[in-house]
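A short worksheet on the structure shown next.
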Amino acid sequence: MNYYMGMDHGTTAVSFEIIDENKEEVTYIQLNRNKLSRKEVSFKDTLQEKVDIKKIKLLAMTYAMGDAITKITPLGQVKNRGIQSIHGAGKVTGGGSNVYTDIESLKIPAVLIPGLHSDCEFLDDRFRASYSHCASSEKVSLTYYAYQTTGWKNMIIADISSNTVCILVENGEIKGAIDACLGAMGFIHGPLDLSMIREIDEGKKTANECFSHAGISKIADVNSKINNVKEDIIKKAVQKDKKGLLAIDSLVMSVVMEIYGLYGIMESDLDGIILTGSGGCMTTPINISGMIKEKVERLAPVRVLTSKSGAIGSSYIAYDIEKKGVDKVMGIDVIRK
């Protein structure tokens, strides 16, 4: 039995989905990025314990911003790991970099998925002209999972977790996205407002420091370690803390605004709206997905997917490239050796 593997390079964890010839899950691996950076856990060792690596036919990877490539590219043809810089995009732990090194050393057949940025010709020209960066590469993966699951060719996807990114899909292709530093707040990251711009100009904080505290954690007054932020905000809300409740309400407000914004520029009829990510899938102890659904279902049907969407979508990309020979994924070209 051959395996197909996908990777989701997230803010707090690096996740992997391995599927078999029937697209059934073989195993799911989630590794804390801080523990990876401190080498308290090893991707290489964990993977070897789970599966026979020689049976992995292809791994579809995501890594950081993915802003130095525009096509799904074999790893051996990728320069500088497919990124322009590691700076200015949230906290750098080195955990993902260690995983990348392990993948190279294991010699697993792999392709790297691009992010969504101004050099991507498949995007709407207005997005390319307006924003240097729209989304990291795992957003391509979760979009593919949403497309494969629903069959919707015209949809808006809201991925809500440490940051929030909404993706616009028309005619089965990704046409645009609103990155965390541009629009809706996540639990940790968000757009820079006037007071933060002043703090940067006055030298009190760097832009990256502001970005990493511009999510709803600033509203809930939570200053925990990155892996504890979401839980601490939710805990406050459950305890009916005013700041905690306001933080959740503000998250919902900003996501709904972003969905309506993308809907307003669509040139096709909207088939449906997807909610995903740890926040977008949450129904308990706070029903975040229900709160958002109530506000947007007047536009189109709403489907809530798993928080594993990125990893699963990457594994589907690997499967369809290797087994089916697809040459495009959501409008993105696939380079073959």
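The values are calculated or read from the model by the stated rules, or taken from the named source; none is laboratory data. This is a predicted model, so every value here is computed, not measured. Methodologically, a virtual Cβ is constructed for each residue, glycine included, from the backbone with ideal geometry; neighbour enumeration extends over all protein chains shown.
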Note on SER217: of the conditions (1) of a type outside the set (A, V, I, L, M, F, W, C); (2) over 29 Å from ARG126 (Cα atoms); (3) surrounded by fewer than 20 Cβ atoms within 10 Å (Cβ to Cβ), unmet is (3)
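Step by step: first the residues of the range 279-337, then only those that are among the charged types (D, E, K, R) and assigned to a loop (DSSP other than H, G, I, E, B), then the one that is modelled with the lowest pLDDT. Which residue is that?
Going through the qualifying residues, I end up with LYS337.
Yes or no, residue by residue, for (1) in contact with a Phe, Trp or Tyr (Cβ under 9 Å, 6 or more places away or on another chain); (2) among the hydrophobic types (A, V, I, L, M, F, W, C); (3) on the phi < 0 side of the Ramachandran plot:
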| site | (1), (2), (3) |
| --- | --- |
| LEU168 | yes, yes, yes |
| ALA177 | yes, yes, yes |
| LEU182 | yes, yes, yes |
| MET185 | no, yes, yes |
| ARG198 | no, no, yes |
| THR206 | no, no, yes |
| GLU209 | no, no, yes |
Looking only at the range 35-46, decide whether some residue is buried (at least 18 other Cβ atoms within 10 Å of the Cβ) and touching a Phe, Trp or Tyr at 6+ places or on another chain (Cβ under 6 Å). no
Over the range 220-255, the set of residues β-branched (Val, Ile, Thr), surrounded by fewer than 20 Cβ atoms within 10 Å (Cβ to Cβ) and within 25 Å of the chain's Cα centre (by Cα) is ILE226
Scanning the range 47-68 residue by residue, the ones that are assigned to a helix (DSSP H, G or I) and either touching a Lys or Arg at 6+ places or on another chain (Cβ under 6 Å) or surrounded by fewer than 16 Cβ atoms within 10 Å (Cβ to Cβ) (or both) total 6
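Return the residues of the range 9-25 that are crowded, with 17+ Cβ neighbours inside 10 Å and either modelled with pLDDT under 95 or not charged (D, E, K, R) (or both); say none if nothing qualifies.
The answer is HIS9, GLY10, THR11, THR12, ALA13, VAL14, SER15, PHE16, ILE18, ILE19.
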Condition check for SER268: out of contact with any helix residue (DSSP H, G or I) (no Cβ under 8 Å at 6 or more places or on another chain) and either surrounded by 19 or more Cβ atoms within 10 Å (Cβ to Cβ) or in a loop (DSSP other than H, G, I, E, B) (or both): yes
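Listed here are the residues, each with its yes/no results for (1) part of a strand (DSSP E or B); (2) within 20 Å of the chain's Cα centre (by Cα); (3) modelled with pLDDT of 95 or more.
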| residue | (1), (2), (3) |
| --- | --- |
| THR101 | no, no, no |
| LEU123 | no, yes, yes |
| PHE127 | no, yes, yes |
| LEU142 | no, yes, yes |
| TYR145 | no, yes, yes |
| ALA158 | yes, yes, yes |
| VAL165 | yes, yes, yes |
| GLY190 | no, yes, yes |
| ILE197 | no, no, yes |
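VAL111: in contact with a His (Cβ under 9 Å, 6 or more places away or on another chain), within 25 Å of LYS57 (Cα to Cα) and among the β-branched types (Val, Ile, Thr), yes or no?
On the way: in contact with a His (Cβ under 9 Å, 6 or more places away or on another chain): no; within 25 Å of LYS57 (Cα to Cα): yes; among the β-branched types (Val, Ile, Thr): yes.
So VAL111 does not fit the description; no.
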Could you figure out which of (1) surrounded by fewer than 22 Cβ atoms within 10 Å (Cβ to Cβ); (2) within 18 Å of LEU36 (Cβ to Cβ) isn't true of GLY96? (1)
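Here's the yes/no breakdown for (1) surrounded by fewer than 16 Cβ atoms within 10 Å (Cβ to Cβ); (2) farther than 20 Å from LYS175 by Cβ:
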{"site": "GLY272", "(1), (2)": "no, no"}
{"site": "SER278", "(1), (2)": "no, yes"}
{"site": "MET291", "(1), (2)": "no, yes"}
{"site": "LEU299", "(1), (2)": "yes, no"}
{"site": "ARG303", "(1), (2)": "no, no"}
{"site": "GLU322", "(1), (2)": "no, yes"}
{"site": "VAL329", "(1), (2)": "no, no"}
Filter the range 51-86 for residues that are in contact with a strand residue (DSSP E or B) (Cβ under 9 Å, 6 or more places away or on another chain) and basic (Lys, Arg); the one that is nearest to ASP333 (Cα to Cα) is LYS71
Among the residues of the range 39-72, write down those that are over 15 Å from TYR100 (Cα atoms), charged (D, E, K, R) and more than 17 Å from the chain's Cα centre (by Cα). GLU40, GLU49, LYS50, ASP52, LYS54, LYS55, LYS57, LYS71
Would you say GLY186 is within 26 Å of ALA146 (Cβ to Cβ) and buried (at least 24 other Cβ atoms within 10 Å of the Cβ)? yes
Which of the following residues is over 16 Å from GLY280 (Cβ atoms) and assigned to a helix (DSSP H, G or I): LYS175, LYS153, LYS204, LYS218? LYS218
